[in-house]
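Presented below is the structure to which this report refers.
The values are calculated or read from the model by the stated rules, or taken from the named source; none is laboratory data. In this text, all values refer to a predicted model and were calculated from it rather than measured experimentally. All Cβ positions, glycine included, derive from the backbone under ideal geometry; neighbour counts span all protein chains shown. SASA here: full protein model, heavy atoms, side chains in, ligands and nucleic acids out. Shrake-Rupley method; radii C 1.70, N 1.55, O 1.52, S 1.80 Å.
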Amino acid sequence: MRLPVRMPQFGESAAEAKVVAWLVKPGQAVKAEQELCEVQTEKSLLTVAAPEAGTLGEIMVAADGTVAVGEILAYLEIAGAGADAPPSAAPVAPSPLAPPPSPAPAPAAKPPQKRSALHAATGDAGFISPRVRARLDAHGLTVSDLSVIAGTGRDGRVTAQDVDAYAQGGEPLTAVRQAVAAAMMRSWSRPLATVAMPVRLDPLLEHRRTVTGRPSLTVYALRALAQAIAAAPTPLRGRLVGNRVHQCAGIDLAVAVEVDDGVITPVVRKVDGYDLAALEAKVSGVVESCRNGRVSDLGDAIATVSNYGTFGITWATPIPLAGQAFILGIGAPVNAPEWDPASKAFTRIRQAELTLTFDHRLADGGAAGRLLAKVVELLQNPSRL
Amino acid sequence: MSSTYIEAIRRALGDALAEDPRVFLYGQDIAGTFGGAFKATKGLAERFPGRVLNSPISEDGQAAVGIGAALAGCRPVIEFQFADFASVAFNQMVNHAATHWWRTGVPVPATFRLPAGGTPGGGPFHCQMVEGWLTSHPGLIVVAPATVGDAYHMLRDAIACDDPVAYLEHKHLYNHLRIDTDPSRAERLPLGKAAVRRAGRDCTVVSWSGMVHECLKAAEPLAEQGIEIEVIDLRCLRPLDTATVLASVERTGRLLVATESWPFGGVAAELCAWISEHGFSHLDAPPRRLSAQDTPVPFHPDLFRAHHPDAARIAAAVVETVEF
């Protein structure tokens, strides 16, 4: 009797696997549960075992071949009467994770299957009723989320109740986090790239003592960015809408401000119109309002400045807001050695990494790098700010 | 006081005659002591002399006289011996009664009583469920009571209604359905509202008239299998209470419509189409119709049973829908 050995369903999501090697040759006798071949899924290397003792017959999928779940890998010749008849009660596949028995040939007790071979091979887990689809939409889930839900319906189908139970577990996201999550997903759908450059801070730290209000590093960065944008045209001033670039009229920049359970990004309009002292006063006021729960302006801006260095982070790639082409990040200042050609020795300087994460559809690394270099140059020459 | 379905109809006719002098009955063999083919009017001619009138054997003429009387301010109740023969009055009902208010602004408050539905041995001309023809026409109200209480109240409401009403009374229920209380005290729902006769979570099963009882019969063995059906009695077929059906399908995700009428067109097809259009995102399985066979109604009782949906066939269709 000839028994098909099928590709079992390993785990919940793999739909196919690659045969790495056959461990047994055709004609060779095998014991029940003896390993027949190795298969590689996306996640792991696994073995397929013989469902019964017998002799390995024809191999249907050679090494390096790809096999779908439920497809026949090889045939096993086992002792017993009748050709091609299935065993009456023996499982077709060896693993407890195996798919339901395939309909062809179907065990006598099973009612005739009405579905296609594909459905039969994978169970009916692939069927999504309109109601289940609507439940997924209502919970903000996608079809790909179904693979982690254990279906309780017919043949492992996921039911609307399964979706509800899965979606209603855990704790609800706060409103602020939901807003951040939605904004980040919108932004993440773009190709983003990051460029970075160190900035020497000693001149700036010296300079800020001379300015009223002792402006923060964020204020210096805002001022330098505004001047860099004003000084030379950059494609990153625009914002891509479909296949058209919308230009921001004024040099409006946002500041990332941490609040309870999230980040908000109030906008300072016409940053180039403020000197450092005035900008420090303006930004302090805006940040203070945000922390008191009052935000005056969350509208459009060219970009955001994020001083993630205040958390001790030296380098990061924050995601720009969906309506903005880039975000300028400021790392935490650190001590760094700098070669002094005059004294032929390393001297200690204060240094921070600046990062610029940008929408790669609008600009390339060159344009982003030039903008960042200009910001660095201005910050290292604070008298020009 | 107890009452059968036919007694509730007789009671409603008597009460309407007693309360409203505009009401009169017009039908074949209803005056005198005969009391009509199914005895719905028995005794009423003696109680209300001159208001229970015999017509010639012409449904067309009966309907025309009724429409004329309604236009003149009366509330006629036209009795056809069998719903099958309402086809002879079809032009009067759908072209004249149903359109008159829309054409002239003058209402036609006529009630047409149609003894409908199948009984074994009735054959092709005495068993038809004719709502499929009548519900296609805007302007005609079509009702089909399934309970003794509804037989009473819906006939009273039909007579009181300013629109023409086709009142489909099920012949099998006439003497097979009885309640031990006064039908006039039974619960009264407004015309146009469906009733949930049994609540269930797994499948919405919609029917009307005699088939409601087959659905309720099917519910018991299904419950033993762990399948709880929600049985909705439409009561009124035009207008159709789609809101009640949709609300139920939102809960169950599944719809079966059982009818002893034919599959092509008709109320079951309309309801399945409506739910597919407006309730698609609530469905776990395709809406399904269970209808009579698509042939004329056969005469022999064995063939009649094969032609007609029953509790067993309803249960089987529910299982298929639930296991889709």
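Points worth noting:
- Overall, region A:204-297 carries a charge dipole of about 280 debye about its Cα centre when +1 sits on the Cβ of Lys and Arg and -1 on the Cβ of Asp and Glu, all other atoms neutral.
- Taking amide H positions as modeled 1.01 Å from N, with prolines and chain starts lacking one, the residues under 5 Å from A:Ala322 and 5 or more places away or on another chain are A:Ser187.
- Heavy-atom accessible surface of the protein assembly as shown: percent carbon and sulfur, 1.4 Å: 56
- When the Gaussian network model of chain A links Cα atoms closer than 10 Å, the mean-square fluctuations of A:Leu146, A:Leu371, A:Leu46 top out at A:Leu46.
- For the protein assembly as shown, the Cβ-based charge dipole about the Cα centre amounts to some 1860 debye (Lys, Arg positive; Asp, Glu negative; other atoms uncharged).
- Computed label-point distance, nm, for sites A:Asp137 and B:Arg103 using a 7 Å Cα→Cβ extension: 4.5
- Sites A:Met184 and A:Glu42, calculated FRET efficiency, Cβ-Cβ separation with R0 41 Å, nearest 0.05: 0.95
- Less than 5 angstrom separates the built amide H of B:Phe24 from those of B:Arg75, B:Val77, all sequence-distant by 5 or more or on a different chain.
- With 27 Å as the limit on Cα-Cα distance, the pairs of B:Lys42/B:Lys217; B:Lys42/B:Lys171; A:Lys270/A:Lys374 that go past it are B:Lys42/B:Lys217.
- Under 5 Å from the amide H of A:Val259 lie the amide H atoms of A:Ile264, each residue being 5 or more positions distant or on a separate chain, with H modelled from the backbone and absent for Pro and chain starts.
- Pair B:Met1, B:Lys39: separation of 7 Å Cα→Cβ label points (nm): 1.9
- Anchor A:Lys18: aspartates and glutamates whose Cα lies under 15 Å away (excluding residues fewer than 8 positions away in-chain): A:Glu38, A:Glu42, A:Asp64, A:Glu71
- Label zone at B:Ala247, where the point sits 7 Å out along the Cα-to-Cβ direction: region B:171-202 residues whose backbone N lies under 12 Å: B:193-196
- Compared with the dominant principal axis of the Cα atoms in chain B, helix B:266-278 is inclined by about 50°.
- Sorted on the mean count of surrounding Cβ atoms within 10 Å across their residues, most packed first, peptides B:254-266, B:84-96 read B:254-266, B:84-96.
- Relative to the compact-globule estimate of 2.2 N^0.38 Å, the Cα radius of gyration of region A:176-384 comes out at 1.01.
- Solvent-accessible surface (1.4 Å probe) assigned to A:Cys290 amounts to roughly 10 Å².
- Mean residue ellipticity at 222 nm, helices only, chain B: -10500 deg cm²/dmol; runs of at least 4 DSSP H residues each add -39,500 (n - 2.57), and the sum is divided by the number of residues.
- A versus B: buried accessible surface, summed, Å² (probe 1.4 Å, to nearest 100): 800
- Chain B: most fluctuating residue of B:Pro221, B:Pro164, B:Pro183 per GNM, C-alpha cutoff 10 Å: B:Pro221
- Straight-distance candidates among the lysines for linking to A:Lys31, with alpha-carbon spacing under 21 Å and chain neighbours fewer than 8 residues away dropped, are absent.
- For chain A, modelled as a GNM whose springs connect Cα atoms under 10 angstrom apart, the maximal fluctuation among A:Thr41, A:Thr304, A:Thr265 occurs at A:Thr41.
- Per-residue extension of 0.36 nm, minus the Cα-Cα distance of A:Glu258 and A:Glu16, leaves a gain of 82.6 nm for this segment.
- Counting only residues at least eight positions apart within a chain, or on another chain, the aspartates and glutamates with an alpha carbon under 19 Å from that of A:Lys282 are A:Asp252, A:Glu258, A:Asp272, A:Asp297, A:Asp300.
- Among A:Ala325, A:Val143, A:Ala342 the positive-end extreme of the charge dipole of the protein assembly as shown (Cβ point charges): A:Ala342
- Chain A, relative contact order [Cα under 8 Å, separation at least 6], %: 14
- Lys/Arg +1, Asp/Glu -1 at C-beta; region B:3-185 dipole; positive extreme among B:Ile30, B:Val88, B:Pro145: B:Ile30
- Averaged per residue, the protein assembly as shown has 46 square angstrom of accessible surface, using a 1.4 angstrom probe with ligands and nucleic acids left out.
- This model, with +1 at the C-beta of Lys and Arg and -1 at the C-beta of Asp and Glu, gives chain A a dipole about its Cα centre of some 1160 debye.
- Positive dipole terminus of chain A, leading residue within A:Thr159, A:Ala224, A:His360 (C-beta point charges): A:Ala224
- Förster-model FRET efficiency, 56 Å R0, A:Thr212 and A:Val245, C-beta, rounded to 0.05: 0.90
- Expressed as a whole percent, the proportion of Cα-Cα pairs in the protein assembly as shown lying more than 41 Å apart is 59%.
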